[in-house]
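Each value in this text was obtained by applying a stated rule to the coordinates, not by laboratory testing. Bear in mind that the values here come from a model prediction, so they are computed numbers and not experimental data. FYI the Cβ positions are ideal-geometry reconstructions off the backbone, even for glycines, and counts take in every protein chain you see.
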Amino acid sequence: MASRENPPATSEHGRKDKIMSALSTSIDTINCVKDAIPNEIAKGLLSTFSGILSAVKNTIRNKEDFEELARQCYEISFLVWRATTATPNKALSLHVTRAIDDLKKSKAGVASRTLSVTIDKEKIASWQRDLSRFLQIFNTELNILTHVKLEEIIAMFEQFRLQAETKTTAQGALPPSKPSLFVGRDNLVHEVSGLLAEFRHVALLGTGGIGKSCLAKAVLNEPDIVTKFGAQRYFIRYDDMDASQVSYEVFLDRIGGILGLALGAVDPLSVISTHLSSAPSLLILDNAETFLDAAQDKTRIADAVDSLGALASTVVLLTSRSRALPSNILWNVIAVPALEPVAAREAFTAVYHKPIKKIDVIDSLLQSLDCHPLSINLLAHAARENDWSYKELLDTWNKRQTDLLHTVSRSES
């Protein structure tokens, strides 16, 4: 009797790539919707979704358990977009506003727990149930309002997004503004700006969530940098991709799109180089570890970065988690540190908005987070959205800290 072969199992690496791709797609879509809607309540909801999924992508070990949660956040972002475009004044209906308020209370619990490296499946399942209830309520209300199903809304948004991208390609993308919450980095901004003004290439290195991208955006908007480079300041992000999605063509297409160029198939690098050579140019390549570790064309991409850095008119600022950099550029490497204790407290209180009775206790709490900017932001948002008092904040943190210590202890065992 012939032996029956088992179907090939999905490799662990392939599964990881799939999860990272799903997280990246959800984050990208949520950020795109957030930028497209005028309603601040909805923007706040989507900002927290994006922050949670970014934390999962950057720090959580059991990413595979969040695949369904990412899909739910992805779908909710489309419903929020449609809800704000379905009425003439782009206002949310009372039912939708209530649904968002209920959901904010639920997802604040998610934000408060993404500080750990591993999260219990049972907790994740409870969050998924909350989001499922919200999807049912929200989808029903939206059908009553617009008679449009989720699948149709997704198609409508993709058409809207395509039109927006076409307009951007024709005109070039405006550089992002300085982050609204940005503290404790003035010396770094001054140092990096000074190097770039002298056309000295800079690599900002550090762990996920340490603030590399925020620092790059702040530098991009420094008055001296604006004066020197003007409209030739370009911020190219790769945080919405993973290494398996990047090729030489994809890498250059992203740059060409931000520069507003129609790249031909013959020599796209030459087209980009010609544009950058027309005036002093600042090229910021954000999340460079994505393309420097590309599954294909890695060497060719690194050579392209070297070529762009060799242009006399162009200076490159690169942010990355990896120390493996294109080798033919003389980089000024700057390791982005955690926040100083005073800046960490300022970042926390800017979001928390409640009086701090014992500064030393809060400082100790933030130092237990290693003064890590993203972790501080998540904790502060969880405290604010749950409306925790000072005592409730400390009680909740002490309980959460114990859970984290138990998690670490189990993983070490």
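Only counting other Cβ atoms within 10 Å, I'd like K391, K212, K43 sorted with the fewest neighbours first.
Sorted ascending by nearby Cβ count, the order is K391, K43, K212.
As an exercise, use a Förster radius of 35 Å and the Cβ-Cβ distance of S126 and E40 to find the FRET efficiency, rounded to the nearest 0.05.
0.80
Residue separation times 0.36 nm, minus the C-alpha to C-alpha distance between N187 and V361: what's the value?
Extra length available between N187 and V361 comes to 59.9 nm.
Among rounded, prolate and oblate, which fits the stretch 186-335 when a ≥ b ≥ c are the square roots of the eigenvalues of its C-alpha gyration tensor, a/c under 1.5 means rounded, and a/b larger than b/c means prolate?
Note, shape of the stretch 186-335 comes out oblate.
Can you work out the FRET efficiency for the pair V342 and Q136, with r the C-beta to C-beta distance and R0 = 35 Å, to the nearest 0.05?
0.15
At a Förster distance of 25 Å, what's the computed FRET efficiency of A310 paired with V333, Cβ-Cβ distance as r, to 0.05?
Here the calculated transfer efficiency is 0.85.
Each label point is 7 Å from the Cα along the Cα-to-Cβ direction; what then is the distance between the points at K18 and E152, in nm?
3.2
Under 5 Å between amide hydrogens, which residues at least 5 positions from S281 or on another chain qualify, with H placed 1.01 Å from N in the peptide plane?
So S281 has HN proximity to T314, V315.
Step through the table entries K228/K298; K16/K217; K63/K391; K34/K63, compare each Cα-Cα distance with 26 Å, and write down the pairs that go over it.
Violating the 26 Å Cα-Cα cut-off are K228/K298; K16/K217; K63/K391.
Under the Karplus relation 6.51 cos²θ - 1.76 cosθ + 1.60, θ = phi - 60°, what is the ordered set of whole-Hz ³J(HN,Hα) values for the stretch 379-396, x standing for Gly and Pro?
5, 5, 5, 4, 5, 5, 6, 7, 6, 5, 6, 4, 5, 4, 4, 5, 4, 5
Give me the distance in nm between label points sitting 7 Å out from Cα along the Cα-to-Cβ direction at T207 and A295, one decimal.
Each label point is offset 7 Å from its Cα along the Cβ direction, giving 2.8 nm.
Got a sec? How would E40, E191, E392 order by Cβ neighbour count within 10 Å, fewest to most?
E40, E392, E191
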